[in-house]
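Peer 1: What follows is a structure written as structure tokens; I'll ask about it next.
The values are calculated or read from the model by the stated rules, or taken from the named source; none is laboratory data. Bear in mind the structure is a predicted one, so any value in this text is a computation, not a measurement. No Cβ is skipped: glycine too gets one built from the backbone with ideal geometry, and neighbour counts run over all protein chains shown.
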Amino acid sequence: MIIEASVLRKGELPRNAIIRGNVLNVLKKLPDNSADCIITSPPYYGMRIYSGAETVWGGDSHCEHEWREYVTIRNSNLPVKPISKICSKCGAWFGQLGLEPSAEMYLDHLLQVTAELKRVLKPTELMFWVHNDTYSGSWSRAERKSSPI
């Protein structure tokens with residue numbers, strides 16, 4: 001069963017369901033200490049564009065945002081230009097997790113997600129976090145074996 005995040009009520013814990021929505025918005029609705037196991041693989045930095053996954057990060061939630069497009073050359077290898085905007089009033093950023101304009105902002109967003117994951121995870125349970133080094137380049141296994149470093 002798939003549940004849209006917009007219909008999920010705060011404190012509700014659906015069983016055997018996939019909840020579709022922004023990770024922070026969904027996690028904030030889940031009860032404390034309610035997960036037995038978390039398995040996650042967050043988007044790698046600058047690697048993918050997911051259609052419709054843009055959201056507002058940070059800033060003032062009461063601000064009537066005035067968005068200014070933010071262009072970054074770092075994402076030039078992606079098939080389409082990622083949507084990225086910064087509010088000139090409050091500094092909020094509009095974009096996708098993994099497509100932040102800086103690695104520092106990306107790590108800050110991952111830490112926000114991690115704090116919520118920790119809150120919903122029972123103290124005696126496990127979390128598996130799958131993440132890879134996207135800075136290692138596109139070397140093949142054979143090139144890595146023959147590399148002196």
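Peer 1: Are there any pairs, at least 6 apart or on different chains, whose C-beta atoms fall under 7 Å, with the first in segment 27-44 and free of Cβ contacts under 8 Å to residues at least 60 places away in the same chain and the second aliphatic (A, V, I, L, M) and in a loop (DSSP other than H, G, I, E, B), and if so, which?
Peer 2: Between residues of segment 27-44 that are free of Cβ contacts under 8 Å to residues at least 60 places away in the same chain and residues that are aliphatic (A, V, I, L, M) and in a loop (DSSP other than H, G, I, E, B), the close pairs are 29/8; 43/97.
Peer 1: So which strands (runs of 3 or more DSSP E) stay within segment 83-131 end to end and still have 1 or more residues that are touching a strand residue (DSSP E or B) at 6+ places or on another chain (Cβ under 7 Å) and among the aliphatic types (A, V, I, L, M)? Even if it seems obvious, please write down each step before you answer.
Peer 2: On the way: elements: 85-87, 93-95, 121-129.
Passing ranges, in order: 85-87, 121-129.
Peer 1: Specify the residue that is modelled with the lowest pLDDT; the eligible residues are those in segment 75-118 that are hydroxyl-bearing (Ser, Thr, Tyr) and under 21 Å from residue 26 (Cβ atoms).
Peer 2: Of segment 75-118, the ones hydroxyl-bearing (Ser, Thr, Tyr) are 76, 84, 88, 102, 106, 114.
Next, only the ones that are under 21 Å from residue 26 (Cβ atoms) stay: 106, 114.
Details: 106: 92, 114: 95.
That would be 106.
Peer 1: Pick out the one residue from 13, 27 that is surrounded by 12 or more Cβ atoms within 10 Å (Cβ to Cβ), aliphatic (A, V, I, L, M) and under 16 Å from residue 110 (Cβ atoms).
Peer 2: Working: 13 fails: under 16 Å from residue 110 (Cβ atoms).
Sole residue among the options that is surrounded by 12 or more Cβ atoms within 10 Å (Cβ to Cβ), aliphatic (A, V, I, L, M) and under 16 Å from residue 110 (Cβ atoms): 27.
Peer 1: If you don't mind, there's one more thing I want to ask. Report, ordered by the first and then the second residue, all pairs with beta carbons closer than 6 Å, sequence separation of six or more or different chains, a first member in segment 108-126 that is without any contact (Cβ under 8 Å) to a residue 24 or more places away in the chain and buried (at least 16 other Cβ atoms within 10 Å of the Cβ), and a second member that is charged (D, E, K, R) and not in a helix (DSSP H, G or I).
Peer 2: Close Cβ pairs satisfying both conditions: none exist.
Peer 1: What number of residues in segment 35-52 are assigned to a loop (DSSP other than H, G, I, E, B), surrounded by fewer than 13 Cβ atoms within 10 Å (Cβ to Cβ) and modelled with pLDDT of 85 or more?
Peer 2: Residues flagged as assigned to a loop (DSSP other than H, G, I, E, B), surrounded by fewer than 13 Cβ atoms within 10 Å (Cβ to Cβ) and modelled with pLDDT of 85 or more within segment 35-52 amount to 1.
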